[in-house]
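Peer 1: If you scroll down you'll find the structure; I have some questions about it.
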Amino acid sequence: MPQAPTVRSSAYLNALTLEIEKKLQRALASATQRPNLLQELFADIALEVDDRAKQIIFGEEDAISVADDGHSGPICFYSVLADYFVCMPQNGKSILDLIVQLWSQSFASNIFALLFHKWMFEVQLDNPEVSLRYSSALVQGAANVFWIDIQTNATRFLRLFQYLLDEVALDSERLKKIPQQAQRDLFLLLSRFIFFYNSADKLESFLKQFPDSQNAFLIGNAADIFVIELADQLQKLKVEPVLLHYLSQIKVLQGLELRMTTSTRLKTCLYSFTSPGGPMYPTRAVRHAAWDALNFLFPVGRYPRHVISLFFRLLYPWYWPSSCWNFVLSCIKAIVYFMLGLIFSSWEKLKRPKQS
């Protein structure tokens with residue numbers, strides 16, 4: 001649990017809390033301005049903490065510190081306030097009540113997830129219906145903000161992801177505080193973004209904690225569910241750097257025991273990125289990255305796949321000039337590197353007798 005704030009930092013955070021409460025009250029009072037006000041509030045709490053605010057919040061010896069909590073990523077106001085509401089839950093109660101009244105608005109779940117994602121797992125919610133409502137809002141809001149990171153190719157909400165993964169999904173005691181359906185939804189959410197936030201090294205532990213599914217006989221084990229979610233996520237990605245990042249991380253799946261249907265699904269997904277044209281219209285970099293991942297994970301049938309791909313390339317004659325040009329460039333580069341290798345190896349052989 002975070003340390004209690006000092007007098008100076010507490011006064012500053014209390015002032016921020018009052019400003020958030022005022023904006024929520026304005027949103028509740030004005031139906032026409034409500035979406036804009038909530039969007040502005042969301043943008044405000046997602047801002048990175050500036051140097052002046054850091055000096056106030058972290059400058060004193062016993063101040064709240066999210067900089068040394070073992071998590072990486074930028075320190076944003078939502079992360080600081082989330083710790084504050086854990087230490088001072090009474091100060092966040094009025095904000096929580098206002099968010100509940102604005103539940104149906106698009107940015108309400110986003111704001112709730114950012115401000116109360118730690119509070120949810122530190123308090124005891126005796127009402128199962130309230131717990132389910134909060135858990136659903138948390139998962140929905142987290143999914144929305146993670147997609148914002150993907151669309152902007154940023155990691156502003158990395159700390160939220162790391163908390164949900166390290167402190168909730170991999171912590172059995174905290175995980176039990178939310179209903180089973182919410183647990184499953186949370187794991188499905190994390191499965192879609194675990195590669196984006198560079199947490200592939202925790203995949204083994206993550207799969208061991210995966211909640212049991214009632215449809216395990218039909219869907220498969222935890223690895224199957226994870227790969228299904230990942231394949232669906234790949235199909236939705238439209239930002240080239242993000243897609244390239246996923247394809248570079250996907251090689252950690254080698255060795256997972258998957259059902260034939262799951263393996264085929266992943267193979268089909270990767271293969272869809274290897275050809276130009278619709279429906280994906282992948283760039284050259286994406287096509288090469290998909291081929292590398294496909295050949296690494298599924299080495300059997302590598303050459304027949306390339307022959308089939310070459311045949312389908314013939315169906316797109318407008319790509320022939322660029323393909324021929326890239327082929328020529330690749331050949332020239334290969335010849336140049338080969339000649340340079342011969343020159344350097346010959347030079348090394350000539351130097352050895354002189355040294356001896």
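Per-residue answers, yes or no, for (1) modelled with pLDDT of 95 or more; (2) in contact with a helix residue (DSSP H, G or I) (Cβ under 6 Å, 6 or more places away or on another chain); (3) more than 18 Å from Ile194 (Cα to Cα):
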residue	(1), (2), (3)
Asn127	no, no, yes
Arg133	no, no, yes
Phe146	yes, yes, no
Asp149	yes, no, no
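To keep it simple, each residue is scored yes or no on (1) assigned by TED's automatic domain parsing to the domain that holds Leu47; (2) basic (Lys, Arg).
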residue	(1), (2)
Glu129	yes, no
Gln140	yes, no
Arg156	yes, yes
Lys177	yes, yes
Asn198	no, no
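Peer 1: So, one more: Filter the helices (runs of 4 or more DSSP H) completely within region 68-120 down to those with at least 2 residues that are aliphatic (A, V, I, L, M), closer than 20 Å to Ala182 by Cβ and under 19 Å from the mean Cα position of the chain (by Cα).
Peer 2: Helices (runs of 4 or more DSSP H) meeting the threshold: 108-116.
Peer 1: Could you pull out the residue among Phe112, Phe116, Phe157 that is buried (at least 22 other Cβ atoms within 10 Å of the Cβ), out of contact with any Lys or Arg (no Cβ under 6 Å at 6 or more places or on another chain) and closer than 25 Å to Leu207 by Cα?
Peer 2: Checking each option against the conditions leaves just Phe157.
Peer 1: From the set of residues in region 6-29 that are out of contact with any helix residue (DSSP H, G or I) (no Cβ under 6 Å at 6 or more places or on another chain) and small (Gly, Ala, Ser), which is surrounded by the most Cβ atoms within 10 Å (Cβ to Cβ)?
Peer 2: Checked region 6-29; the qualifying residue surrounded by the most Cβ atoms within 10 Å (Cβ to Cβ) is Ser10.
Peer 1: Further question on the same structure: With the checklist (1) surrounded by fewer than 16 Cβ atoms within 10 Å (Cβ to Cβ); (2) touching a residue at least 12 places away in the same chain (Cβ under 8 Å); (3) small (Gly, Ala, Ser) in hand, flag the one item Gly255 doesn't pass.
Peer 2: (2)
Peer 1: While we're here: Return yes or no: is Leu244 farther than 30 Å from Glu173 by Cβ and in contact with a Cys (Cβ under 6 Å, 6 or more places away or on another chain)?
Peer 2: No.
Peer 1: Quick one: count up the residues across region 149-165 that are in a helix (DSSP H, G or I) and free of Cβ contacts under 8 Å to residues at least 60 places away in the same chain.
Peer 2: Matching residues across region 149-165 total 5.
Peer 1: Still on this structure, I have one more. Is it the case that Pro241 is free of Cβ contacts under 8 Å to residues at least 60 places away in the same chain and over 15 Å from Ala200 (Cα atoms)?
Peer 2: So Pro241 does not fit the description; no.
Peer 1: Give me the residue from region 195-239 that is of a type in the set (Asp, Glu) and surrounded by fewer than 17 Cβ atoms within 10 Å (Cβ to Cβ) and, out of that set, modelled with the lowest pLDDT.
Peer 2: Step by step, filter region 195-239, then rank; the result is Asp212.
Peer 1: Only one of these conditions is not met by Lys93: (1) over 13 Å from Tyr78 (Cβ atoms); (2) at pLDDT 95 or above. Which number is it?
Peer 2: Here Lys93 clears every test but (2).
Peer 1: If I go through region 1-48 residue by residue, how many of them are part of a loop (DSSP other than H, G, I, E, B) and modelled with pLDDT of 90 or more?
Peer 2: Within region 1-48, residues that are part of a loop (DSSP other than H, G, I, E, B) and modelled with pLDDT of 90 or more number 6.
The values are calculated or read from the model by the stated rules, or taken from the named source; none is laboratory data. If you're wondering where the values come from, they're calculated on a predicted model, not measured in any experiment. As a convention, Cβ positions derive from the backbone with ideal geometry for all residues, glycine included, and neighbour counts pool all protein chains shown.
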